[in-house]
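Participant: Pasting a structure here, questions to come.
The values are calculated or read from the model by the stated rules, or taken from the named source; none is laboratory data. All figures in this text were calculated on a predicted structure; none of them were measured in a lab. Cβ atoms come from the backbone with ideal geometry, glycine included; neighbour counts cover every protein chain shown. Heavy atoms of the whole protein, side chains included, go into the accessibility calculation; ligands, DNA and RNA do not. Shrake-Rupley method; radii C 1.70, N 1.55, O 1.52, S 1.80 Å.
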Amino acid sequence: MKFSRPYTIKEIAELIGSAFIGDPSLEVTGLNEIHRVVSGDIVFSDHPKYYRKSLESEATVVLINNKDVDIPEGKGVIVCDEPFTAFNQLIEHFSPLRLPTSMIGSQARVGEGTTIYPGAFLADDVVIGKDCRIYPGVVILAGTRIGDRVIIQPNAVIGSLGFYYKKREERFERLLSGGGVRIEDDVEIGSACTIDRGVTDYTIIGRGTVIDNQVQIGHDTQIGKKCLFASQVGIAGCVNIGDEVTLWGQVGVTSGITIGDKAVVLAQSGISKSLAGGKTYFGYPAEEARKKYREMASIRVLPEIIEHLQLDM
Amino acid sequence: MKFSRPYTIKEIAELIGSAFIGDPSLEVTGLNEIHRVVSGDIVFSDHPKYYRKSLESEATVVLINNKDVDIPEGKGVIVCDEPFTAFNQLIEHFSPLRLPTSMIGSQARVGEGTTIYPGAFLADDVVIGKDCRIYPGVVILAGTRIGDRVIIQPNAVIGSLGFYYKKREERFERLLSGGGVRIEDDVEIGSACTIDRGVTDYTIIGRGTVIDNQVQIGHDTQIGKKCLFASQVGIAGCVNIGDEVTLWGQVGVTSGITIGDKAVVLAQSGISKSLAGGKTYFGYPAEEARKKYREMASIRVLPEIIEHLQLDM
Amino acid sequence: MKFSRPYTIKEIAELIGSAFIGDPSLEVTGLNEIHRVVSGDIVFSDHPKYYRKSLESEATVVLINNKDVDIPEGKGVIVCDEPFTAFNQLIEHFSPLRLPTSMIGSQARVGEGTTIYPGAFLADDVVIGKDCRIYPGVVILAGTRIGDRVIIQPNAVIGSLGFYYKKREERFERLLSGGGVRIEDDVEIGSACTIDRGVTDYTIIGRGTVIDNQVQIGHDTQIGKKCLFASQVGIAGCVNIGDEVTLWGQVGVTSGITIGDKAVVLAQSGISKSLAGGKTYFGYPAEEARKKYREMASIRVLPEIIEHLQLDM
């Protein structure tokens, strides 16, 4: 998330009522969750295990719950008991919840030749390109940018809130969603798909990717060009998928991993770790298909083997 | 389902045109399906295999297709050829289908600070607490009670009809849905989730539970507090889930079972029998993860073993 | 797809600006994709591997990218560089996209006793029978025919575009959807289900079939009578399912296969090839359940066997 102007660390610290360490005139230009952080960003870190990663990231300022950390040259920290909550305060400040009063936001921008069917909902800041078709029941929430010639079929949801919580004693505290969804040209999205917005950055569906019905895509996941995802695929948050990747029906993808260009994953597989591109995968956990096929053939003869061995166990 | 006043067994029998056995002044105060029956209830039983269970349950009156059963002291039976159909007649009588004429039912009650986005549907008797957000395309049907600070994301469906049929020669006969859904405080429900109402009682989502997109929860399932369900989890009807249970993506749960507090079930697992709390489970059928991991490691070496044994089969 | 009157091969060739071979007065009465082709139809074929299949099918005219094929007696071909694209041109011509301007199409026909809830969308040419209930958020697109006593629960989508593409160098080219969905009497469809229309013919849900929430059914799939599909089942396109077939939760079915009458497939199974009727199946790939159970029992003892063998590998 980019701010409308640069802010000093002093201004930000005052906004959330916290002390800071560093040059008071140190400037920040946005905020991001650690997966997407760039120079000029504020990030948060609330566990000693991740202090170093945050301080050594591209972030310029870290919200942190420890004042005795080594701060790299040219950076600063804002010290607060609950960095997660403080980060939420900033998201709320810079991206306040706006309550819509009509199905089509009065400031939503829709390109020439684009059809918005009756019964679709567009939040106020949504931008849609040319020659798109947005079917009935589609809900497009804040922070969504859509290219040209995009088809979104009925009852798909674009830009819902990410499933990202901190478990507190009393309840789960939600990380607010200040990011968006970017859908590039020529993308087609099936009925009843759900695509969550990024928490601070964009969830991205690359140019020409086609997605069947009931597919789930988590927050901050970035998908390359010309991918094909069959029905009921579920992709968690913070996943990076290359170009021309094929995921067949009901495949599940865990969070934070990477799938290389032109990988093909067969139906119902479960992807629990990163996969190199250009190969075909299968099973749970998904591995190269020929290896899995060999295992499956072995299992098939296993009952006979056991009988044959007449093991005295 | 509770009646607005007590009825005598005689009144109920007349309503459905059937004979009864027992004290004509015996009073009933509601009706329930066998999973949820309490004292004062009417229940139905149409198979000799379940006669005893019904007669010895908490129910006060049993709709039954056999007049020669032993009736416990203080109870009564209503004798009819088709108890299932008679039960449906009573649900229809006491909870008649009401056809809405507007997106927001004129008698729906919504608490202070709650936002109902444009494009959401609320049935007439829905009650929603304070500071909730109900996003566009959410459909909330009859019999739903929602607490405070609840978030329901776009296109989720709350209170749809349970998937509960009796297979007849000619067709499936649906058990009507006279129950509801109770969503407690601080629950968050993802986009395109579907939560069926109870057939006579409540489907319950306990306080502080958070549910990702495209999760299915069947009729009469009761879920504890502070659970976390990832995307595309499917939970059948009549399931009992404790507190702080975690189900990862695409897990499936069969009907009628129990999952103990703090159980964790890994992605894509299939739960086919009850699970004790406090442990981590995996696979189909879901078993303790370390056991399953050991099996998976064995399968991995199986092709080599078979080669090594050079079995002459 | 049937035309409103017969057309000559000459007229069709002129429509798409292509040459033809055959009797200029040869008449066609409709068009179909190869899975559904009948006499009088135009079909397309763009790969030498399938030339023969198309030419020897029931089709009367084949759009083809080769002028040197043997044309059976009484048939004709239209020669064009891109038969897929030419076929799309014809679909577009004979079934032009009509943009709706209201939630209920002005020419949609709805039978007596049928309730259309507020928030449902009906395309202009939709026909619905008597005593149906169409819940809020249901989207019914062009080409849908619905019988009597049908229930469609909230946010289900009927008639969305099929997931059928040709992969081009630059992008996926969609095969347009000129077909429809036929839902027979007494069918019940759960919340958030998605049923794609046929590309040229009907996707069919047979009489009395009941479908739970979040079920996906692909284009041109034809389902028999009195089937029962539990929640989150995913069925690809061009599948043929018999009568009284039961698919339990989260089952996946690959495209183009056949499942026989009264087959039962247990939860989470993956069906990758045709299944004979009357049996119970399980696993991935789905096979007879008793065989799979035996394999599962073997896997369970595998770790002990490996230990017992003390293999020196």
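Participant: Using packing as a proxy for protection, rank A:143-153, B:186-196 so that the peptide with the highest average count of other Cβ atoms within 10 Å comes first. Present the calculation step by step, with values, prior to reporting the outcome.
Facilitator: Numbers: A:143-153: 22.2, B:186-196: 29.1.
So the peptides A:143-153, B:186-196, ranked by packing, come out B:186-196, A:143-153.
Participant: For region C:109-289, place one equal point scatterer on every Cα, skip the solvent, and apply the Debye formula. What is log10 of I(q)/I(0) at q = 0.16, 0.20 Å⁻¹?
Facilitator: -0.89, -1.27
Participant: Which whole number gives the average, over all residues in B:267-273, of C-beta atoms from other chains lying within 10 Å of the residue C-beta?
Facilitator: Averaged over the peptide's residues, the number is 5.
Participant: Right, something else. Between the alpha-carbon centers of region C:88-166 and region B:244-313, tell me the distance in whole angstrom.
Facilitator: After rounding, the separation between the Cα centres reads 43 Å.
Participant: Right, next: Would you mind listing how long region C:2-94 runs along its three principal axes, going by Cα atoms, in whole Å with the largest first?
Facilitator: Dimensions of region C:2-94 along the principal axes of its Cα atoms: 32, 25, 23 Å.
Participant: Run the dipole for the protein assembly as shown about the Cα centre, Lys and Arg Cβ at +1, Asp and Glu Cβ at -1, nothing else charged, and hand back the magnitude in debye, nearest 20. Could you put the intermediate results ahead of the total?
Facilitator: Values: 99 positive and 120 negative charges, 1 e Å.
Rounded to the nearest 20 debye, it is 0 debye.
Participant: Shortest first and in nm with one decimal, please list how far the B:Lys279 label point sits from its counterparts in the other copies (point 7 Å along Cα→Cβ).
Facilitator: Ordered by distance, the counterparts are at 3.4, 3.4 nm.
Participant: In a GNM of chain B with a 10 Å cut-off on Cα contacts, which of B:Ser231, B:Ser18, B:Ser177 has the highest mean-square fluctuation?
Facilitator: B:Ser18
Participant: Using the crude model of +1 on Lys and Arg Cβ and -1 on Asp and Glu Cβ, and no other charge, please compute the dipole size for chain C relative to its Cα centre, in debye to 20. Walk me through the numbers before you get to the answer.
Facilitator: Values: 33 positive and 40 negative charges, 108 e Å.
With only Lys, Arg, Asp and Glu charged at Cβ, the dipole is about 520 debye.
Participant: Right, next: Which whole number gives the average count of other chain Cβ atoms within 10 Å of the Cβ atoms across peptide A:224-231?
Facilitator: Details: counts 0, 1, 6, 1, 4, 1, 8, 11.
Per residue, the average neighbour count from other chains is 4.
Participant: Per residue, how much accessible surface does chain C expose to a 1.4 Å probe? Answer in Å², no decimals. Write down the numbers at each step before the final one.
Facilitator: Values: 12230 Å² over 313 residues.
Result: 39 Å² of accessible area for each residue.
Participant: Cα-based Rg (one decimal) and Dmax (whole number) for the protein assembly as shown, in Å?
Facilitator: Final numbers for Rg and Dmax: 29.4, 90 Å.
Participant: Also, quick follow-up: Tell me which of A:Val38, A:Gly237, A:Ala59 sits at the most positive position along the dipole axis of chain A, charges placed on C-beta atoms (Lys, Arg +1; Asp, Glu -1).
Facilitator: A:Gly237
Participant: If you line up the long axis of helix A:83-94 against the longest principal axis of chain A, both from Cα atoms, how many degrees apart are they, to the nearest 10?
Facilitator: 70
Participant: Put the label 7 Å from Cα along Cα→Cβ for B:Arg109; what are its distances to the other copies, in nanometres, shortest first?
Facilitator: 4.6, 4.6
Participant: List the aspartates and glutamates whose Cα sits under 13 Å from the Cα of C:Lys262, skipping any in the same chain fewer than 8 residues away.
Facilitator: Cross-link targets: C:Asp243, C:Glu244.
Participant: Something else now. When each copy gets a label point 7 Å from Cα toward the beta-carbon at B:Arg5, what are the spacings between them in nm, shortest first?
Facilitator: For B:Arg5, the other copies' label points sit at 7.1, 7.1 nm, shortest first.
Participant: Quick one: Cα convex hull volume of chain C, Å³ per residue?
Facilitator: Working: hull volume 56.4 nm³, N = 313.
Here the figure is 180 Å³ per residue.
Participant: Could you compute how much accessible area chains B and C hide from each other, both sides summed, with a 1.4 Å probe? Nearest 100 Å² is fine. Mind showing how you got there, number by number?
Facilitator: Numbers: alone 16120 and 16070 Å², together 28320 Å².
That pair of chains buries around 3900 Å² in total.
Participant: Test of understanding: in a Gaussian network model of chain C with alpha carbons linked when under 10 Å, which of C:Glu244, C:Glu33, C:Glu73 would top the mean-square fluctuation ranking?
Facilitator: So, out of C:Glu244, C:Glu33, C:Glu73, the one fluctuating most is C:Glu73.
Participant: Given Cβ point charges of +1 (Lys, Arg) and -1 (Asp, Glu) and nothing else, what value in debye, to the nearest 20, does the dipole of region A:2-94 about its Cα centre take?
Facilitator: It works out to roughly 180 debye.
Participant: Net charge near C:Tyr165: determine it from the other residues with C-beta under 12 Å of the C-beta of C:Tyr165, scoring Lys and Arg +1 and Asp and Glu -1.
Facilitator: Numbers: positive: A:Lys226, C:Lys166, C:Lys167, C:Arg168, C:Arg171, C:Arg174; negative: A:Asp186, A:Glu188, A:Asp212, C:Glu173.
Every neighbour counted, the sum reads +2.
Participant: Considering every residue in B:93-102, what mean count of other chain Cβ atoms within 10 Å of its Cβ is obtained?
Facilitator: On the way: counts 0, 0, 0, 0, 2, 0, 5, 6, 2, 2.
The shielding value for this peptide is 2.
Participant: How large is ³J(HN,Hα) for each residue in region C:130-146, as worked out from phi by the Karplus curve 6.51 cos²θ - 1.76 cosθ + 1.60 (θ = phi - 60°), to whole Hz, x for Gly and Pro?
Facilitator: Values per residue, Gly and Pro as x: 8, 6, 9, 10, 10, 6, x, x, 5, 10, 10, 8, 4, x, 9, 10, 10 Hz.
Participant: List, by residue number, every residue in region C:145-164 with a reduction of 30 Å² or greater in accessible area between the chain on its own and the complete protein assembly, 1.4 Å probe.
Facilitator: Residues shielded by partner chains are C:Gln153, C:Pro154, C:Asn155, C:Val157, C:Leu161, C:Phe163.
Participant: OK, next. Within the set A:Lys292/C:Lys279; C:Lys49/C:Lys166; A:Lys291/C:Lys279, which residue pairs have Cα atoms separated by over 20 Å? Don't jump to the answer; show the numbers that get you there.
Facilitator: Values: A:Lys292/C:Lys279 27 Å; C:Lys49/C:Lys166 16 Å; A:Lys291/C:Lys279 30 Å.
From A:Lys292/C:Lys279; C:Lys49/C:Lys166; A:Lys291/C:Lys279, over 20 Å: A:Lys292/C:Lys279; A:Lys291/C:Lys279.
Participant: Among B:Asn213, B:Cys227, B:Val251, which residue has its Cα positioned farthest towards the positive end of the charge dipole of region B:109-289, with +1 placed on the Cβ of Lys and Arg, -1 on the Cβ of Asp and Glu, and the dipole taken about the Cα centre?
Facilitator: Checking the options against the dipole of region B:109-289, the answer is B:Val251.
Participant: Sticking with this structure for a sec: Using a 1.4 Å probe over the heavy atoms of the protein chains, calculate the carbon and sulfur portion of the accessible area of region B:109-289 as a whole percent.
Facilitator: Taking all protein chains in place, region B:109-289 shows 47 percent carbon and sulfur surface.
Participant: Please identify, among A:Cys227, A:Cys80, A:Cys238, the residue showing maximal mean-square fluctuation in a Gaussian network model of chain A using a 10 angstrom Cα cutoff.
Facilitator: Evaluated over chain A, the most mobile residue of the options is A:Cys80.
Participant: In region A:2-94, what percent of the accessible surface is made up of carbon and sulfur (1.4 Å probe, ligands and nucleic acids excluded)?
Facilitator: Values: 2290 of 4670 Å².
Carbon plus sulfur share of accessible area: 49 percent.
Participant: Also, quick follow-up: Return the calculated 222 nm mean residue ellipticity for the protein assembly as shown, to the nearest 500 deg cm²/dmol, obtained by summing -39500 (n - 2.57) across DSSP H runs with n ≥ 4 and dividing by the residue count.
Facilitator: Details: 12 runs with 144 residues, N = 939.
It lands at -5000 deg cm²/dmol.
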